[in-house]
């Protein structure tokens, strides 16, 4: 299954409306247009840095940016910018003015130098997010498989919790490596967990995901199949996998939870209750044996990041030591 053939939160693409051209299917904006739109509704920028003489730039337009799924995803979740690295225009970007370095042809613009430094290679693709605070540069031609994890990494804020190289490797394992398989987690319903608690008490993990969340799919297919994670969870927790779009009615803490419209989208209220109204995707809610929420892990997590968090709660360290002190000691022991 192609990674970006997605049923997303807001994305319903009618590919018939697109027309093939040398610009691809992406609805490109100028830097000025993107910044004006961003003031009204913030979105990440995807900046295609090209030159008129760059053959691979043109090839990327005719191939990668002409893929309906790729283009549809970009058009919905980014402000896509096409920037000529050798333009002679004066450009304002993020409150600063940038000018051409020379009137001569084939000379880089000041903004191109800001974006690319001394590595003036084309095409280059820049992903700008978090109100201009985060920038990720990818240089060279990007086929669909190479572009997909970059898009998800930026849109779903994975950059806040994981290095790109790690996420890209896991993304490939999740969507393209058919031989990738590891451990299997035991998963239970709330009713089953309540019965099991009478025999042996354990803390509870609620793994909350949704069909439109690609980083959820990556985390479920990789982090939550990692042998060390699987073994630790199966031993120390009762796990509940929960689709936030579920139609099920669930009794939780004496309250009936059900699917309803939340922030304009149909989600099950159990996802909110389990995370104490701190739901983001992906989320892992950590509950004690009485179903009280101890924490909501609202980020994509690698096995290396998740394991110490699990130990922090399973071993009751959270009762006696702060997380910063715990993780500092944990990392020192790992050296």
Handout entry: Relative contact order (percent, whole number), the range 69-183, Cα cutoff 8 Å, 6+ residue spacing
Key = 15 percent
Handout entry: D (Stokes-Einstein, µm²/s), Kirkwood Cα radius, the range 259-335, 1.002 mPa s at 20 °C
Key = 153 µm²/s
Exercise for the section: Would you please calculate the Kirkwood hydrodynamic radius of the range 15-155 over all C-alpha pairs and express it in Å, rounded to one decimal? Expected result: 15.3 Å
Practice task
Give the peptides 80-92, 185-197 in descending order of average Cβ contacts within 10 Å, highest first.
Solution key: 80-92, 185-197
Problem - Mean separation of Cα contacts under 8 Å (6+ apart) over length of the range 190-334, as relative contact order % - result: 26 percent
Exercise for the section: Sort the following peptides by mean Cβ neighbour count (other Cβ atoms within 10 Å, averaged over residues), highest first: 138-148, 298-308, 103-113. Expected result: 298-308, 138-148, 103-113
Exercise for the section: Please give the peptides 164-176, 320-332 ranked by average Cβ packing (other Cβ atoms within 10 Å per residue), highest first, as a rough proxy for protection. Expected result: 164-176, 320-332
Completion exercise
Final fewest-first order of 28, 53 on the 10 Å Cβ neighbour count is 53, 28
Handout entry: Förster-model FRET efficiency, 22 Å R0, residue 322 and residue 294, C-beta, rounded to 0.05
Key = 0.95
Handout entry: Spin-label model distance (nm) - residue 315 vs residue 276, 7 Å beyond Cα toward Cβ
Key = 2.3 nm
Handout entry: Calculated on alpha-carbon atoms, Rg and Dmax of the range 190-334 in Å
Key = 15.3, 46
Fill in the blank from the handout: What one gets for the range 182-271 as the Kirkwood radius, inverse of mean 1/r over different Cα pairs in Å, is 14.2 Å
Completion exercise
If the label point sits 7 Å along Cα→Cβ of residue 120, residues of the range 52-67 with amide N under 16 Å come out as 52-55
Handout entry: FRET efficiency estimate (nearest 0.05) - Cβ-Cβ, residue 234 to residue 261, R0 25 angstrom
Key = 0.10
Practice task
For mean projected area of the Cα convex hull in nm², several values are listed as [x] 18.9; [y] 20.3; [z] 21.8; flag the one computed from this structure.
Solution key: [y]
Handout entry: Helix 164-175 axis, angle to the chain major axis (alpha carbon atoms, nearest 10°)
Key = 70 degrees
Problem - Over the chain, relative contact order from alpha-carbon pairs under 8 Å, at least 6 apart, % - result: 14 percent
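Read-outs: derived from the displayed coordinates by stated rules, not from any lab. Since this is a predicted model, take the numbers as computed values, not measurements. With ideal geometry, Cβ positions are generated from the backbone for all residues, glycine too; neighbour counts draw on all protein chains shown.
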